[in-house]
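**Student:** What follows is a structure written as structure tokens; I'll ask about it next.
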Amino acid sequence: MARNRRFLLLVAAVVVAALVVGSVVAIGAGRGDSTPGTTTRAKSPAAAASSPASAVLSGVPQDGLTLGKPTAPATLLEFVDPQCPYCARWSEATFPVVVRRFVKTGRLRLELRGLHFLGPDSETALRAVLAAAQQNKAWNMLDELYARQGAENSGWVTDAVLEEAATAAGVDVAKMRAAHDSPRVTAQILEADAAASTLGVPGTPSFALARPPATPQLLTIPSLEPADFAASLESDLDR
């Protein structure tokens, strides 16, 4: 089995931060696996709400699955799986830098493309994020789920976790539950799957840059660390 792209990109950060000690994540045949020792990143609602990713969202316009000004000349498509620990690490460390440097300045907007290849918990969590998008709270909900992320496919995405995350994200829980299994959410999942297939997304997190009328182009990111990612994105935007 080929070594997961996520591991290649973030192995240094994971070792330093000790977020996932002794775990190896691999993708094959459309799914990911992790060793049983993967640890849970669960936080209290107060701690989760004060995370860097949540704090930076204040004042940034959200419209469904997009984040940032609609007049931005470029869009960064972000392919993530809510269970992916490397996505959570990127959200915690690098996402705030991207928002402050590129989104808040009007140079870029982000568009979420949620995937669910890691297992049932992925789809359950993703549906909650897409349901929260109907309240323009997708990014808040995703961040709160990252803050409570458990071992892959351990059944950590419970009703209680979803309710706690939604409350911390400012999401109406009843409305989120009503939309969770709706045809609209299902269509968005299928749309993201198709986009990932078309672009040849190899794993999560992955990113594609769209500058209409050109078609989106999958980016080759040498590192997901904040400074390296920002420099690479700056170079892509300047082309």
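**Student:** Order of His116, His180 from fewest to most other C-beta atoms within 10 Å? Could you put the intermediate results ahead of the total?
**Tutor:** On the way: His116 20, His180 15.
Placing the least packed residue first, the sequence is His180, His116.
**Student:** May I ask you to list the aspartates and glutamates whose Cα is less than 17 Å away from that of Lys175, ignoring any residue fewer than eight positions away on the same chain?
**Tutor:** Cα-Cα hits under 17 Å: Asp63, Asp159, Glu163, Glu164.
**Student:** What FRET efficiency comes out for Thr220 versus Thr71 if R0 is 41 angstrom and r is the Cβ-Cβ distance? Round to the nearest 0.05. Write down the numbers at each step before the final one.
**Tutor:** Numbers: r = 27 Å, r/R0 = 0.67.
Result of the calculation: an efficiency of 0.90.
**Student:** Below 10 angstrom from the Cβ of Arg107, what's the summed charge of the other residues (Lys, Arg +1; Asp, Glu -1)?
**Tutor:** Working: positive: Lys69, Arg101, Lys104, Arg109; negative: Glu234.
Spelling it out: positives minus negatives among the neighbours equals +3.
**Student:** Applying a 10 Å radius around every beta-carbon, put 212-221, 67-76 in order of their mean neighbour count, most first.
**Tutor:** Working: 212-221: 12.8, 67-76: 17.3.
Answer by packing, highest mean first, reads 67-76, 212-221.
**Student:** Okay, moving on. Between Leu237 and Asp159, 0.36 nm times their residue separation minus their Cα-Cα distance comes to what? Spell out each step's value before the answer.
**Tutor:** Working: separation 78, 0.36 × 78 = 28.08 nm, distance 4.06 nm.
Additional length available on full extension: 24.0 nm.
**Student:** Each label point is 7 Å from the Cα along the Cα-to-Cβ direction; what then is the distance between the points at Ala55 and Ala227, in nm?
**Tutor:** Label-label distance for Ala55 and Ala227, simple model: 2.1 nm.
**Student:** Ranked from highest to lowest mean number of other Cβ atoms within 10 Å per residue, what is the order of the peptides 149-158, 182-191?
**Tutor:** Values: 149-158: 18.9, 182-191: 13.7.
The most tightly packed comes first, giving 149-158, 182-191.
Where a number appears in this text, it was derived from the coordinates with a stated rule and is not lab data. Remember, predicted model here, so these are calculated numbers, not experimental data. Backbone-built Cβ (ideal geometry, glycine too); neighbour counts: all protein chains shown.
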